[in-house]
Amino acid sequence: MIDDIEAEEYYFVSHANYEELHRVHGGYIPPIDNPKLTHYIGVSQFATDKLEEYRKKIGKKIKTIKCYNPLTLEPKQKLIHLVSACRLDDKVKGGGRTLKLIEALDRYCEENNRNYIWTIFTNPTKIKINSPNVIQMQPRLDVRPFIADADYVVQLSNDMETYGYTINEALGYGVPIVTTPLSILKELPITDNEHIVLDWDCENVDEVARQIFEKEVKPFEYKPLKDDWDNILAKGRSNYKQDWKKTYLVECIEAYTDIVKNKWIEPGEQWEVDYLRMEYLNDLGLIKVIEEIDTK
């Protein structure tokens, strides 16, 4: 556009190493030989040196001035990190409530110049989340580091959770929770400090969004309820024997993302797995066993 502008002075500002651009893109030539140019500026010493090399090659006499790019920073704000581990497509797991809370959080951010990121670990889902603040992640077994790093862990299920490991894991790491009015919570040793409640009908969703950003949570220590499995299970080591050397030919019967194979599996696809993997996938109803393979 330089040829369409009339001015007393024309500045060319170099933001790149043009030798590298030329090498990668092939034939790229910066417009620094335009006769209208009166000043050259490099945004760093590196940019200045490189532009000087190029200037000398083409015989231009105007030397490059070094002037670093300006940088101004807004006051630092806390980025709220939410984490959920769920099955969004499962009607009892609160996918609809999740969408409403996302909308409320996005409204709060727009009105108050704040930001958040919500990491949702979920099985493949048809639910479309159109928010720049939400990341949908594949299911994984090592989700606890994400839970421990969160500002809040969100569990918006129907009243079907009878203990809920995600909730207890979060509290055990000293991370507060956002939940529906789950009945099980009456049994847990928690207070309002560690807990924000979203109504079943989401009538208070804007208030919940506000609390997520504005509530001051005091550090807390959570002690899980004492279990009695030591008295229920038989004493001693198990004498159960499983031939771990056997593998199994399995076939997918429901499409899913396999976190071991790191790929999307379509119904009808067959592959071999070990005993533990076969049991796990079979219990989820994702595969059927075609045959047992003896690898001895």
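Values quoted throughout were computed directly from the atomic coordinates according to the rules given, and no laboratory measurement underlies them. In this text, all values refer to a predicted model and were calculated from it rather than measured experimentally. Cβ coordinates were reconstructed from backbone atoms using ideal geometry, including for glycine residues, and neighbour counts include every protein chain displayed.
Provide the net charge surrounding LEU99, with neighbours chosen by a C-beta distance below 11 Å and charges set as Lys +1, Arg +1, Asp -1, Glu -1. Walk me through the intermediate numbers first.
Values: positive: ARG97, LYS100, LYS128; negative: GLU103, ASP106.
With Lys, Arg at +1 and Asp, Glu at -1, the net is +1.
Over all pairs of distinct alpha carbons, what does the Kirkwood formula give as the hydrodynamic radius of the stretch 1-101, in Å?
The Cα-based Kirkwood calculation yields 18.0 Å.
Translational diffusion coefficient, Stokes-Einstein: compute it for the stretch 37-168 using the Kirkwood radius over C-alpha pairs as Rh, at 25 °C and 0.890 mPa s, and state it as an integer in µm² s⁻¹. If you can, show how the numbers build up before the last one.
Details: Rh = 18.9 Å.
D, rounded to a whole number, is 130 µm²/s.
So what is the relative contact order of the chain, in percent, for Cα pairs below 8 Å that sit 6 or more residues apart? Spell out each step's value before the answer.
On the way: 446 pairs, mean separation 33.9, N = 296.
Value for the chain: 11 percent.
Please report how far the C-alpha centroid of the stretch 31-59 lies from that of the stretch 259-293, rounded to the nearest whole angstrom.
61
Beyond 23 Å, what percent of the Cα pairs of the stretch 190-296 remain? Walk me through the numbers before you get to the answer.
Details: 3532 of 5671 pairs.
Roughly 62 percent, rounded to a whole number.
For ASP4 and LYS61 in the same chain, what is the full-extension length gain: residue separation times 0.36 nm, less their Cα-Cα distance, in nm? List each step's numbers first, then the result.
Details: separation 57, 0.36 × 57 = 20.52 nm, distance 2.40 nm.
That pair, ASP4 and LYS61, stretches by 18.1 nm at full extension.
Please give the per residue volume of the convex hull enclosing the alpha carbon atoms of the chain, rounded to a whole number of Å³.
Working: hull volume 82.1 nm³, N = 296.
In the chain, the Cα hull volume divided by residue count equals 277 Å³.
Averaging the inverse of every distinct alpha carbon separation and then flipping it gives the Kirkwood radius. What is it for the stretch 21-80, in angstrom units? Please report the intermediate quantities before stating the final value.
Working: mean 1/r = 0.0720 Å⁻¹.
Averaging 1/r across every pair of different Cα atoms and inverting gives 13.9 Å.
Could you tell me whether the stretch 128-226 comes out rounded, prolate or oblate from its Cα gyration tensor? Rule is a ≥ b ≥ c as square roots of the eigenvalues, rounded for a/c under 1.5, then prolate if a/b exceeds b/c, otherwise oblate. Mind dumping the intermediate values first?
Values: a/c = 1.31, a/b = 1.12, b/c = 1.17.
Rounded.
What value, in deg cm²/dmol to 500, does the helix sum -39500 (n - 2.57) over DSSP H runs of n ≥ 4 give at 222 nm once divided by the residues of the chain? List each step's numbers first, then the result.
On the way: 8 runs with 77 residues, N = 296.
Computed mean residue ellipticity for the chain: -7500 deg cm²/dmol.
What FRET efficiency comes out for the pair ASN115/GLU216, r = Cβ-Cβ distance, R0 = 30 Å, nearest 0.05? Kindly include the intermediate steps, with their values, before the conclusion.
Details: r = 19 Å, r/R0 = 0.63.
E between ASN115 and GLU216, to the nearest 0.05, is 0.95.
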